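For reference, the structure is listed below as structure tokens.
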Amino acid sequence: MVRVRFAPSPTGNLHIGGARTALFNWLYVRAKGGKFILRIEDTDKLRSAPEFVDEILNSLTWLGFSWDEIYYQSKRFDLYHEYAQKLLKEGKAYTQKLEGKLGEAIIYKVTPGTIIIDDLIRGKIQFDTSLIKDQVLIKSDGTPTYNFACVVDDADMQITHVIRGDDHISNTPKQVLLYEALGFKLPQFAHLPLIMGMEGGRLSKRTGATAISDYRKMGYLAPALVNYLLLLSWAPGNDVELIDINEAVKLFDVTQVNKTAATFDLKKLNWMNNQYLKNADPEKLADTLIPMLVEKNYIHPDSFDRNYLVSLVKLFQPRLTTIADFPDWADFFFVQELKIEPEAEKKFLSQDLSREFKLFIEKLDKLGKFDILNIEEGFRDLVKELNLEAKTLIHPIRVALTGKTIGPGLFEVIYCLGKERTQARLSRWIRGGSNA
Ligand code: GLU
């Protein structure tokens, strides 16, 4: 049976690279059937922290990568010591006391030779072990090293496929030596290509090395992020970019993963997120938005009109990059005191439009039914009567109603704002004390 593992170190949050590794392990096991093991590599007591474990587990859950078994290396020290002792007894390792250290380190004696790894993605890779120094298995403070604990665990957990980032490729021959020394069966290795920042080089905070929990807070949708991660190193074929994860499971083949480094492109992720937002269930988006809107005092948690909120969500859905854009884009629906962008006011509301606004207010009163079609028709009639181009009035009206120069279709905005609010916001711009 296939058994894969994702083995994060909780010395930091889950980032794009880790999430991509988790995704490819999860995909592999869903495609082949088997178990997905989560192993928290928390041997470094000083640098590991429970809040990072929480962030990693929550982020994996949010992304939808459920695991079948979970282990913590910090609880398995006895096992590592047992195997280190075995290697000592067999004369494959030796102890060394370093100056100023209390305990003794256990070190593996590397014998010169050649190691060939048949990587599922990269093919055959050859290593000369004479270039590898003797390997510390257990440090003098009793903690196991990453390479040793990793091999003991991968063998003990019967991992069949080690799918991890390319940055571990130099560890792989060291681990193969330990597998052989301990008489363990080798797993298959698959090393995923590096992910680089947009300007080349490693991912930095500025180029996307943001915690998955932060993407969540910023309003990205989990399926969009997962779809984006997929495309970072694999293509479903036929230029398909938007792919449902269940569909990806059917098509995924680890040997088809790209060998070359991927580039993290925030613009592409934003595009992807917008595609998913367009098609998302407005009810669910509303649920995500409620706490954000409550926090901004835009709605009261116990007394807001849910159906109205859902209709606003529908209005903005096609234009949002992230859900978190909504409160900023749609603020004018929630506030009493409309904030008008100064530039927009200068450009569109500095001329006297009293007559035009007054006439439009009157038109709105005369519509048969206050609906989008009639609002549009009323507006078109008015510009015709005034012999104006539509845009000479559309922009000023939009700014007067929303405070912004861009947004959803004006007639839909008017419909959602309602007649009274629309008329009140327009009357503010009628000069000479006239209050329509
Ligand atoms: N804890 C290691 C890491 O986070 C795991 C590497 C591996 O998958 O072997 O990089």
ask   = Quick one: is Ser48 within 12 Å of the ligand (Cβ to nearest atom) and of a type in the set (Ser, Thr, Tyr)?
value = yes
query = Quick one: would you say Asn258 is of a type in the set (S, T, N, Q) and assigned to a helix (DSSP H, G or I)?
reply = no
Considering residues of the range 21-45 that are in contact (Cβ under 8 Å) with a residue 40 or more places away in the chain and of a type in the set (D, E, K, R) only, the residue farthest from the ligand (Cβ to nearest atom) = Arg30
message = I'm trying to understand the selection: among the residues of the range 356-399, which are touching an Asp or Glu at 6+ places or on another chain (Cβ under 9 Å) and closer than 22 Å to Glu343 by Cβ?
response = Thr392, Leu393, Pro396, Ile397, Val399
ask   = What residue, among those in the range 261-270 that are of a type in the set (A, V, I, L, M, F, W, C) and in a helix (DSSP H, G or I), is surrounded by the fewest Cβ atoms within 10 Å (Cβ to Cβ)?
value = Leu266
key: Unmet requirement for Arg164, which otherwise passes all of (1) within 16 Å of the ligand (Cβ to nearest atom); (2) out of contact with any Ser or Thr (no Cβ under 8 Å at 6 or more places or on another chain)   = (2)
request  = Taking only the range 280-291 into account, find how many residues are closer than 12 Å to Leu320 by Cβ, in a helix (DSSP H, G or I) and not hydroxyl-bearing (Ser, Thr, Tyr).
outcome  = 3
query = For the range 170-180, does any single residue satisfy the condition of being surrounded by fewer than 17 Cβ atoms within 10 Å (Cβ to Cβ), part of a loop (DSSP other than H, G, I, E, B) and within 16 Å of the ligand (Cβ to nearest atom)?
reply = yes
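Does Ala155 satisfy being away from the ligand (no atom under 12 Å from the Cβ), touching a Pro at 6+ places or on another chain (Cβ under 9 Å) and small (Gly, Ala, Ser)?
When the stated conditions are applied, Ala155 passes them.
Name the residues in the range 122-136 that are touching a helix residue (DSSP H, G or I) at 6+ places or on another chain (Cβ under 7 Å) and within 16 Å of the ligand (Cβ to nearest atom), would you?
Of the range 122-136, the ones touching a helix residue (DSSP H, G or I) at 6+ places or on another chain (Cβ under 7 Å) are 127, 129, 132, 135.
Hit for the range 122-136 is Gln135, nothing else.
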task = Return the only residue of Asn58, Asn13 being surrounded by 14 or more Cβ atoms within 10 Å (Cβ to Cβ) and within 13 Å of the ligand (Cβ to nearest atom).
result = Asn13
request  = State whether one or more residues within the range 138-153 are under 31 Å from the mean Cα position of the chain (by Cα), of a type in the set (Phe, Trp, Tyr) and in a helix (DSSP H, G or I).
outcome  = yes
task = Filter the range 61-79 for residues that are within 24 Å of the chain's Cα centre (by Cα) and surrounded by 15 or more Cβ atoms within 10 Å (Cβ to Cβ) and give the result.
result = Trp62, Leu63, Phe65, Trp67
note = Exactly one of Leu388, Leu382, Leu373 is crowded, with 16+ Cβ neighbours inside 10 Å and out of contact with any Gly (no Cβ under 9 Å at 6 or more places or on another chain), and that one is Leu382
message = Regarding the range 191-211, can at least one residue be identified that is under 26 Å from Val110 (Cβ atoms) and either surrounded by fewer than 19 Cβ atoms within 10 Å (Cβ to Cβ) or within 14 Å of the ligand (Cβ to nearest atom) (or both)?
response = yes
query = Can Ser213 be described as hydroxyl-bearing (Ser, Thr, Tyr) and within 15 Å of the chain's Cα centre (by Cα)?
reply = yes
Lys101 part of a loop (DSSP other than H, G, I, E, B) and over 24 Å from Val4 (Cα atoms) = yes
inquiry  = Against the condition touching a residue at least 24 places away in the same chain (Cβ under 8 Å), of a type in the set (A, V, I, L, M) and outside any helix (DSSP H, G or I), how does Leu388 come out, does it pass?
reply    = yes
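FYI, it's all coordinate maths here, none of it is from the lab. From a predicted model like this one, the values you see are computed outputs, not experimental measurements. Cβ: placed from backbone, ideal geometry, glycine included. Neighbour counts: every protein chain shown.
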